[in-house]
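What follows is calculated from the coordinates using simple rules that are stated; it is not laboratory data. Everything numeric in this text was worked out from a predicted model, so none of it was measured. A quick note on method: Cβ atoms are made from the backbone with ideal geometry, for glycine too, and the neighbour counts reach across all protein chains shown.
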Amino acid sequence: MEVPRGRTPDIPDPSEMRKVARMYYLEDLPRQTISARLNMDARKVTRLLKEARLRKVVRIEIPEPADEGLGARLREKYPHLERVLIAPGPKVETRKQYDDLFPRLGMLAADYFEELVDNHPRAAPLRIGVTGGHHLLAFANAVPQQERENVYVHVTALVGRGRLEKSATHIEANVVASILWSRCGTLPGHCEYATVSAYDPAQMLTGMTGMEVIQTELTKVEKNQTVRDVIEGMNALDVVFGGIGVGNPASAPPHLEDRLTMTTLLNRLVTPQDLEGAIGDFSHCPYDENGSRGNRTNWRLFLTAGHYSGHWGIEFYKQMVATGKKVVAFSTGPRMLQATKSALAGKIVNVLIIDEFTARQIVKAN
């Protein structure tokens, strides 16, 4: 239909289309029931269903795993895994293929998030931790708009960001948290993070190494009581959503570095030698081939959840898994194979959202 000049096409909210489509097609609910549950006019429900078909939202946003048995084989290999959500498709190699995969993984995460909210007691707070990155942005954008009074959103890593390299496209964790918070109703007091200073590479002109610059700044900022309150508030997290990254910048090709690593935030400060032994990172916390930080105190690169406890760095997430909480990790593409295997071996995560090709490689690997 031609839209008159001066008017914007009336395009329905994709999250509303997805919500209604899931209730109608997957839950077999009548349109009148959907209308009542969502407090939505029945004619709007019908229109959303029609638009969902026309815009292929039903096909794209409610995907089914290509091989349900693949997830079962992964859980058999790693018994601590509670869920495996797989986006079907071939091997992912190019930047465009990575970018096309993020929304599909984000939809799977959004469905799982809805499941967690639906199954959580309404009177009890559900505290969700998120980090930054393209996976998390896709997840937050895919969450349907709906007020969720018991959901509280936290940022699991306080990252001070200065001017990025021109090739970098890092997505801030506080951006992800703000979007997820807005999807849950923008309720006062339901989103918490703190801003901190960016690391200053110019201090290296005084003779300090990049790692000394980082540790000096961390020592200064960790004394701030507001920052401490925010970090210690994460001890009550029920669920964390984060992305697995390649730990050592030397192993990531330049055109994919900001998709695969956190190191675009540390350029001119951290060298491959500083992160020697780091196979991967989760929520800005490096880990080795055993899924551990060992005794490497220099791997405190940012203020992250657990900073003031004995479970700082990656050990915070291992402790969450050990105590039955949910740690949800995105893994994208074959370049994440070793980092994902180490994360699983170390029991860093217990819910995995992954592409089909990489999942098959993990099942085949020794």
Using the 10 angstrom Cβ neighbour count as an exposure proxy, how do F102, F113, F330 rank, fewest first? F102, F113, F330
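Please give the FRET efficiency for L187 paired with D99, using the beta carbon to beta carbon distance and R0 = 25 Å, rounded to the nearest 0.05. Numbers along the way, then the final one.
On the way: r = 32 Å, r/R0 = 1.27.
After rounding, the FRET efficiency stands at 0.20.
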Degrees separating the helix 95-119 axis from the principal Cα axis of the chain, which is the longest one: 70 degrees
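What GluC sites (Glu not before Pro) does the range 140-237 have in DSSP loop regions with at most 16 other beta carbons within 10 Å? It would help to have the intermediate numbers written out before the result.
Values: sites: E147, E149, E165, E172, E192, E212, E217, E222, E232; in loops: E147, E149, E165, E172, E222.
Sites meeting the loop and neighbour criteria: E147, E149, E165, E222.
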In debye to the nearest 20, how big a dipole does the chain give about its Cα centre with +1 on each Lys and Arg Cβ and -1 on each Asp and Glu Cβ? 660 debye
By the scheme Lys and Arg +1, Asp and Glu -1, what is the net charge of all other residues having a beta-carbon under 12 Å from that of V159? -1
Packing-based order for 195-202, 286-293, using average beta carbon neighbours within 10 Å, highest first: 286-293, 195-202
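What ranking do C191, C184, C285 get, fewest neighbouring Cβ atoms within 10 angstrom at the top? Don't jump to the answer; show the numbers that get you there.
Details: C191 20, C184 26, C285 30.
Taking fewest neighbouring Cβ atoms as first place, the list is C191, C184, C285.
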antiparallel share of DSSP beta bridges within the chain, to nearest 5, in %, is 25 percent
Of the candidates A52, F330, L137, the farthest towards the positive dipole end of the chain (Lys/Arg Cβ +1, Asp/Glu Cβ -1, centred on the Cα centre) is A52
Which one of N174, M107, F282 is farthest out on the positive end of the charge dipole of the range 64-364, using unit charges on Cβ (Lys, Arg +1; Asp, Glu -1) and the Cα centre as origin? F282
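Please order H80, H190, H120, H284 by the number of other Cβ within 10 Å, starting at the fewest. Let's see the in-between values first.
Values: H80 12, H190 19, H120 16, H284 25.
Fewest-to-most Cβ neighbours within 10 Å comes out as H80, H120, H190, H284.
What does the charge count near G185 come to, summing +1 for each Lys or Arg and -1 for each Asp or Glu among other residues with Cβ under 12 Å from its Cβ? Don't skip to the answer; put the middle values down first.
Details: positive: R148, R183; negative: E147, E149.
Taking every Cβ under 12 Å from that of G185, the sum is 0.
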Which residues does the label zone of E222 cover in the range 277-299, counting backbone N under 14 Å from a point 7 Å along Cα→Cβ? 296-299
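Run through the range 173-227 and list the trypsin sites (Lys or Arg not before Pro) located in a DSSP loop whose Cβ has at most 10 other Cβ atoms within 10 Å. Working shown, then result.
Numbers: sites: R183, K220, K223; in loops: K223.
Counting only loop positions with at most 10 other Cβ atoms within 10 Å, the trypsin sites (Lys or Arg not before Pro) in the range 173-227 are K223.
Near I314, within a Cβ-to-Cβ distance under 13 Å, what is the net charge of the other residues, with Lys and Arg +1 and Asp and Glu -1?
Numbers: positive: R293, R296, R300, K318, K347; negative: D281, D288, E289, E315.
After counting each charged neighbour, the total is +1.
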Work out the charge dipole of the chain with +1 on the Cβ of Lys and Arg and -1 on the Cβ of Asp and Glu about the Cα centre, then indicate which of F316, V246, L158 is farthest towards its positive end. V246
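Please find the FRET efficiency linking T33 to N119, where r is the Cβ-Cβ separation and R0 is fixed at 22 Å, and quote it to the nearest 0.05. Provide the component values of the computation, followed by the final result.
Working: r = 20 Å, r/R0 = 0.92.
Once rounded, the FRET efficiency stands at 0.65.
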Sparsely packed trypsin sites (Lys or Arg not before Pro) within the range 29-134, loop by DSSP, other Cβ within 10 Å at most 11: K56, R122
Could you check the spin-label model distance between D13 and D229? Points 7 Å from the Cα along Cα→Cβ, value in nm. 3.1 nm
Could you check which residue among N141, N150, N39 shows the biggest mean-square fluctuation in a GNM of the chain with a 10 Å Cα cutoff? N39
Mind checking the full-extension length gain between Y308 and E82? Use 0.36 nm per residue of separation minus the Cα-Cα distance, one decimal, nm. 78.5 nm
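Which entries in K96/K364; K318/K341; K77/K347; K77/K325 show an alpha-carbon gap greater than 24 Å?
In this structure, K96/K364 lie more than 24 Å apart at Cα.
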